[in-house]
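As structure tokens, the structure follows; a few thoughts come after it.
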Amino acid sequence: MVEAAPTVFVVDDDISVRESLELLLRKQGWHPETFMSADEFLARPRQLMPSCLVLDFSLPGLNGLELQKRVALELPYMPIIFLTGCGDIPMTVQAMKAGAVEFLTKPFANESLLSAIRNAIERSRVKLESEMEIRTLRARYSALTMRERQVMALVVSGMLNKQVGDELGITEITVKFHRGNLMRKMKADSFAELMNMATRLRIKASSTSKAPAVAREVSASKTDLPK
């Protein structure tokens, strides 16, 4: 299967800028999509794909910094490159602190923009890969029974099987049974791998409670196995 070309979104109210950038981006093998306003951009349906946003600071309606805040919340995998017609140090600092990868003043050298886009797309690709991995782990975790989640949380906190049994009021043999099931469902080949999964899922256990606290608990309840 051929991987789709990364998408570069351009939001600028100057049609000449949009048209020139669209031509430049197509020559690089990217897929450009242009918009004249922040609202028009936000109305576009979203897809998980490597991408970046080339954004003019001065826009009708929502300005660049306001759109940046929306993108950070709704599209965290999409890095932003700012364009502006006038250099403004406080504005630049604010944009960079908010996560912009570059801030270019018009007119800018094409290569400066292209270099920034390459960097942004690579960042986007890495973020998306991480997001997909987390989604997969959450799906596996949601398939665990409540007892398996309790055992997992206590095991990764450092407890031995006997200690887990004492904490939950079940036998050591039952702990081993649940442990084997959760290792299989999580597709963990080793305890170290399970530890890594638990860290990414932000699973933690309370030493004073028989019901471990899980930071990203799945709301759907699971049928527990008998003690």
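The values are calculated or read from the model by the stated rules, or taken from the named source; none is laboratory data. Not measured: the values here are computed from a predicted model. Reconstructed Cβ throughout: ideal geometry from the backbone, glycine too, with neighbour counts over all protein chains shown.
Residue check, Leu144 against (1) in contact with a Ser or Thr (Cβ under 9 Å, 6 or more places away or on another chain); (2) more than 30 Å from Ser51 (Cβ to Cβ); (3) not in a helix (DSSP H, G or I), all met but one. Which one?
(1)
In this structure, does Gly99 turn out to be at positive phi and either assigned by TED's automatic domain parsing to the domain that holds Arg184 or among the polar types (S, T, N, Q) (or both)? Even if it seems obvious, please write down each step before you answer.
On the way: at positive phi: yes; either assigned by TED's automatic domain parsing to the domain that holds Arg184 or among the polar types (S, T, N, Q) (or both): no.
Against the criterion (at positive phi and either assigned by TED's automatic domain parsing to the domain that holds Arg184 or among the polar types (S, T, N, Q) (or both)), Gly99 does not qualify.
Considering only the range 25-35, I want to know if a residue exists there that is among the hydroxyl-bearing types (Ser, Thr, Tyr), in a loop (DSSP other than H, G, I, E, B) and in contact with a helix residue (DSSP H, G or I) (Cβ under 9 Å, 6 or more places away or on another chain). Give the derivation first.
If we filter the range 25-35 for residues that are among the hydroxyl-bearing types (Ser, Thr, Tyr), which is where we start, we get 34.
Applying the additional criterion that residues be in a loop (DSSP other than H, G, I, E, B) yields none.
No, the range 25-35 contains no residue that is among the hydroxyl-bearing types (Ser, Thr, Tyr), in a loop (DSSP other than H, G, I, E, B) and in contact with a helix residue (DSSP H, G or I) (Cβ under 9 Å, 6 or more places away or on another chain).
Just give me the residues in the range 36-55 being of a type in the set (A, V, I, L, M) and part of a loop (DSSP other than H, G, I, E, B), in sequence order. Before you say what the answer is, go through the steps one by one.
Quick first cut of the range 36-55, residues of a type in the set (A, V, I, L, M) only: 36, 38, 42-43, 48-49, 53-55.
Across the range 36-55, the qualifying residues are Met36, Ala43, Leu48, Met49.
Let me spell it out: the conditions are (1) at pLDDT below 95; (2) in contact with a Lys or Arg (Cβ under 7 Å, 6 or more places away or on another chain), and Val10 meets all of them except one. Which number is the exception?
All conditions pass for Val10, except number (1).
Output the residues belonging to the range 106-117 that are outside any loop (DSSP other than H, G, I, E, B) and surrounded by fewer than 15 Cβ atoms within 10 Å (Cβ to Cβ).
At the first step, the residues of the range 106-117 found to be outside any loop (DSSP other than H, G, I, E, B) are 110-117.
Selection gives Asn110, Glu111, Ser112, Ser115.
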